[in-house]
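Visitor: Dumping the structure here so I can ask a few things about it.
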Amino acid sequence: MTETVKLTRSGAVARIVLDNPGRHNSLGADELNQLRSHLQTVADDEAVRTLIVTGTGESTFCAGASLNQLGAGHISGDLFQETTDALASVRMPTICALNGSVYGGGVELALACDFRVGVQGSVMRVPAARIGLCYPISGINRFVECLGVATAKRILLAAEEFNAEGMLGIGFLDELVEGATLETRCFALAESIAGLAPLAVQAMKKVIAQAAARSVDVEEAQALARRCATSDDLQEGFAAQREKRAPRFVGS
């Protein structure tokens with residue numbers, strides 16, 4: 001099997017790359033399986049504190065699910081949904097570096113990340129309604145939770161296309177940069193987050209996700225807060241403040 005989704009690591013930053021530019025980094029069964037495998041590898045590696053998801057090429061980040069395989073029944077909406085859910089639930093913060101335009105399921109893949117940085121000249125469109133496809137409930141929930149009801153309707157019901165500035169305006173993108181600076185900017189952001197206290201960052205990520213879904217587990221949230229309050233990392237943070245130095249967090 002050709003490796004069309006690749007995983008690399010630099011220090012505490014892992015990087016998953018969609019590497020099939022000839023097919024606009026679309027996701028078929030092989031790509032979805034590779035992506036889920038890499039996500040499991042990252043989840044199992046306690047040294048990884050931040051994950052970047054990006055694509056190869058300058059035109060398209062991801063064209064979404066392979067329509068040929070979807071039409072032939074080789075992949076399903078459920079399989080795609082399981083993959084985006086797996087990305088959304090990884091413990092560490094995730095950054096989507098959109099190296100180009102994004103379509104269909106690629107939009108949801110980006111929404112499953114915590115941060116999204118796009119490039120000038122790119123566009124975003126979800127053509128589900130144009131081909132008669134209804135998103136699974138989890139996918140629709142993600143659009144509503146991340147972007148709000150009105151914007152979700154513009155994207156899903158009206159199949160509206162957004163340019164780069166429009167993506168920034170609706171909150172789909174957190175930042176918009178020139179293509180030549182995308183990699184540098186996203187790696188700098190990833191390293192900055194990786195230098196923060198991992199227990200606190202991961203605890204707050206989990207509670208934020210629950211709050212967005214309006215399903216906060218109060219007991220779990222309180223337990224996470226207590227763990228941070230009694231952690232060595234908190235004492236290290238206090239010490240670093242007193243000593244006016246950078247903290248050295250170990251995640252305990």
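We did not get these values from a lab; they are worked out from the coordinates using the rules stated. Model, not experiment: these values are computed from the prediction. No Cβ is skipped: glycine too gets one built from the backbone with ideal geometry, and neighbour counts run over all protein chains shown.
Visitor: Under the Cβ-under-4.7 Å rule, which cysteines of the chain stay unpaired?
Guide: When partners are defined as cysteine Cβ atoms under 4.7 Å apart, the chain leaves CYS62, CYS134, CYS146, CYS186, CYS228 without one.
Visitor: For THR60, what residues show an amide H to amide H distance below 5 Å, using hydrogens built from the backbone and excluding near sequence neighbours?
Guide: Long-range HN contacts for THR60: SER101.
Visitor: From the residues GLY169, ALA47, SER122, which one has its Cα farthest along the dipole of the chain in the positive direction, the dipole being from +1 and -1 charges on Cβ of Lys/Arg and Asp/Glu about the Cα centre?
Guide: The Cα lying farthest towards the positive end belongs to GLY169.
Visitor: Based on other C-beta atoms within 10 Å, arrange CYS146, CYS113, CYS96 from fewest to most.
Guide: Numbers: CYS146 20, CYS113 23, CYS96 28.
Starting with the residue having the fewest Cβ neighbours, the order is CYS146, CYS113, CYS96.
Visitor: Near LEU182, within a Cβ-to-Cβ distance under 12 Å, what is the net charge of the other residues, with Lys and Arg +1 and Asp and Glu -1?
Guide: Numbers: positive: ARG116, ARG185; negative: GLU58, GLU175, GLU178, GLU183.
Taking every Cβ under 12 Å from that of LEU182, the sum is -2.
Visitor: So what's the net charge close to ASP114: Lys and Arg +1, Asp and Glu -1, counting the other residues with Cβ under 12 Å from its Cβ?
Guide: Details: positive: ARG91, ARG116, LYS205, LYS206; negative: ASP174.
The answer is +3.
Visitor: In sequence order, what are the phi-derived ³J(HN,Hα) couplings for the stretch 169-182 according to the Karplus relation 6.51 cos²θ - 1.76 cosθ + 1.60 with θ = phi - 60°, rounded to whole Hz, with x for glycine and proline?
Guide: With coefficients 6.51, -1.76 and 1.60, one gets x, 8, x, 5, 9, 8, 9, 10, 10, 6, x, 5, 9, 4 Hz.
Visitor: Still on this structure: Let me have the 222 nm mean residue ellipticity of the chain computed from DSSP H runs of 4+ only, each contributing -39500 (n - 2.57), with the sum over all residues rounded to the nearest 500.
Guide: Values: 12 runs with 122 residues, N = 252.
Helix contribution divided over all residues of the chain: -14500 deg cm²/dmol.
Visitor: Right, here's the next one. Hey, can you grab everything whose amide H is under 5 Å from the amide H of SER66? Only 5+ residues off in sequence or another chain; H modelled, so Pro and N-termini drop out.
Guide: LEU27, GLY28
Visitor: A further question follows. Given the options GLY77, GLY22, GLY104, state which has the largest fluctuation in a GNM of the chain using a 10 Å cut-off (strictly under) for Cα springs.
Guide: The residue with the greatest mean-square fluctuation here is GLY22.
Visitor: With an 8 Å cut-off on Cα pairs and a minimum separation of 6 or more residues, tell me the relative contact order of the stretch 5-80 in percent.
Guide: Numbers: 107 pairs, mean separation 29.6, N = 76.
In percent, rounded to a whole number, it is 39.
Visitor: Let me ask something else. For the chain, give the share of DSSP beta bridges that are antiparallel, in percent and rounded to the nearest 5; count only bridges with both residues there.
Guide: Numbers: 8 of 29 bridges.
About 30 percent, rounded to the nearest 5.
Visitor: Using the Cβ atoms and a cut-off under 12 Å, what net charge is assigned to the surroundings of ARG23, where Lys and Arg are +1 and Asp and Glu are -1?
Guide: Details: positive: none; negative: ASP19, ASP30, GLU31.
Residues close to ARG23 contribute a combined charge of -3.
Visitor: Now, a different point. Could you give the nm distance between label points at THR230 and GLU161, where each point is 7 Å from its Cα heading toward the beta carbon?
Guide: Between THR230 and GLU161, the label points sit 5.7 nm apart.
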